[in-house]
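The values are calculated or read from the model by the stated rules, or taken from the named source; none is laboratory data. Bear in mind the structure is a predicted one, so any value in this text is a computation, not a measurement. Counting neighbours? That spans all protein chains shown, and the Cβs are built from the backbone with ideal geometry, glycine included.
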Amino acid sequence: MKKHKLLSISAVIMMLSAYGCSLDEFNPSGISTEQEWSTPAGYEKKVNDCYFDLVRIVYGQAEDTYLMVAEGGTDIWQDTNPDGTNGNWSKLLRYEDYGASNGMLNEGYAGFYGILSACNAAVHYADKVEGLSETRINELVSEARFIRAHALYNIVEQWGGKYLPLEPMNSPISVLPCSSVNDFYKVILEDLEFAMKNLPITQEVKGHVTRAAAYHLYAKACLTFSTYTDGLGNTTALTDSESKTYLEKAKAAADYLIQNAGSLGVKLYDDVEAVFDENNNKNNEEALFIVCHSTITAYNPRGKSADPYRLRTDRDNPARRFPGRSSTYRRIPRRGACLF
């Protein structure tokens, strides 16, 4: 009897299994990457993704380690621990340890390569987008190309000629070949030349890059690259003639930005104090490119910002403490100090 019962139960289970395999299912996410990113809405989302790690990792939503890597040790920042006992923070502020043992260098490095990955995909899929005008596609891909140039500029200037991927990653890789500094600057300058021609002068969404920023970064990149005349490191030395050409390009871009500041939507305040007035924080007219953070915590990728710094209004007055922030280091305001 028990044997018959077991056989009956087994038969029922097999029947249920058979019916379970024949169910019709609808997968609402069953769309390929190419299908999604070739639509107007999908491609705009992909371009927005290029900004994500600027907010989440590199500038202000993590621990601000990249700001210390890029600017620590200059007169822009001041350690609030004069005896230098604040661990790696104090080391960066004193140029005492930029080696592999200092993990604070990892965050910016990983963040910029994350940005690069998103930008490469946006650039790659630009010519596959349907339903947008050529002008609008060029405006959008210009944002991705500017941000890619920004990431590459920071990578090459902080870490030298490293890995230079320019296509989306579709499979794991086991070898990361290094490219020369010259290779980096070739891409940086080509991206910015495209951006200078195609970026909008103004943007409806605050924080999206505009044409003025491209002129500024192009001038800075040309000026910086012009100094690579010694051939040290992973670099092919520029000739004096080549160096002069880049200096001339830098001057031309800077002159254009200065002479057309009004039409490009930027200006210098008459009173330098206005640069650091908190009332101008969200709409600072001297800012060429900003990375936005929301006062609504849920809108920020990592919630509440944990920036451990205090902003000084001048060298003599006490630092003004911001709510929820500690006083590991201070930033000394400087006109012209920006994300580049």
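Here are a few things to note about the model shown:
- Matching residues, the stretch 157-189, being under 23 Å from Asp230 (Cα atoms) and acidic (Asp, Glu): Glu157, Asp183
- Condition met for Glu143 (under 18 Å from the mean Cα position of the chain (by Cα) and not β-branched (Val, Ile, Thr)): yes
- Residue satisfying all of: in the stretch 209-226; under 16 Å from the mean Cα position of the chain (by Cα) and among the β-branched types (Val, Ile, Thr); farthest from Phe146 (Cα to Cα) among these: Thr210
- Sole exception among (1) under 25 Å from Lys197 (Cβ atoms); (2) assigned to a loop (DSSP other than H, G, I, E, B) for Asp255, by number: (2)
- Single residue of the stretch 57-84 satisfying the filter (among the aliphatic types (A, V, I, L, M) and surrounded by fewer than 20 Cβ atoms within 10 Å (Cβ to Cβ)) that is modelled with the highest pLDDT: Ala70
- For the stretch 167-199, filtered to residues that are surrounded by 14 or more Cβ atoms within 10 Å (Cβ to Cβ) and part of a loop (DSSP other than H, G, I, E, B), the residue that is modelled with the lowest pLDDT is Pro168.
- Some residue of the stretch 98-113 being touching a residue at least 60 places away in the same chain (Cβ under 8 Å) and either touching a strand residue (DSSP E or B) at 6+ places or on another chain (Cβ under 9 Å) or more than 26 Å from Val55 (Cβ to Cβ) (or both): no
- In the set (1) farther than 30 Å from Tyr228 by Cα; (2) modelled with pLDDT of 85 or more; (3) under 26 Å from the mean Cα position of the chain (by Cα), the condition left unmet by Glu273 is number (3).
- A single entry from Pro323, Pro333 fulfils the requirement of being at pLDDT below 55, over 25 Å from the mean Cα position of the chain (by Cα) and farther than 24 Å from Glu143 by Cα: Pro323.
- The number of residues in the stretch 221-252 that are in a loop (DSSP other than H, G, I, E, B) and either under 15 Å from Glu193 (Cα atoms) or in contact (Cβ under 8 Å) with a residue 12 or more places away in the chain (or both) comes to 9.
- Any hit, the stretch 205-217, residues being surrounded by fewer than 16 Cβ atoms within 10 Å (Cβ to Cβ) and free of Cβ contacts under 8 Å to residues at least 40 places away in the same chain: yes
- Boolean, Thr202 is under 20 Å from Glu157 (Cα atoms), among the β-branched types (Val, Ile, Thr) and not in a helix (DSSP H, G or I): no
- When Gly87, Gly111 are checked against the criterion of being in contact with a Leu (Cβ under 9 Å, 6 or more places away or on another chain) and either small (Gly, Ala, Ser) or surrounded by fewer than 17 Cβ atoms within 10 Å (Cβ to Cβ) (or both), a single residue qualifies: Gly111.
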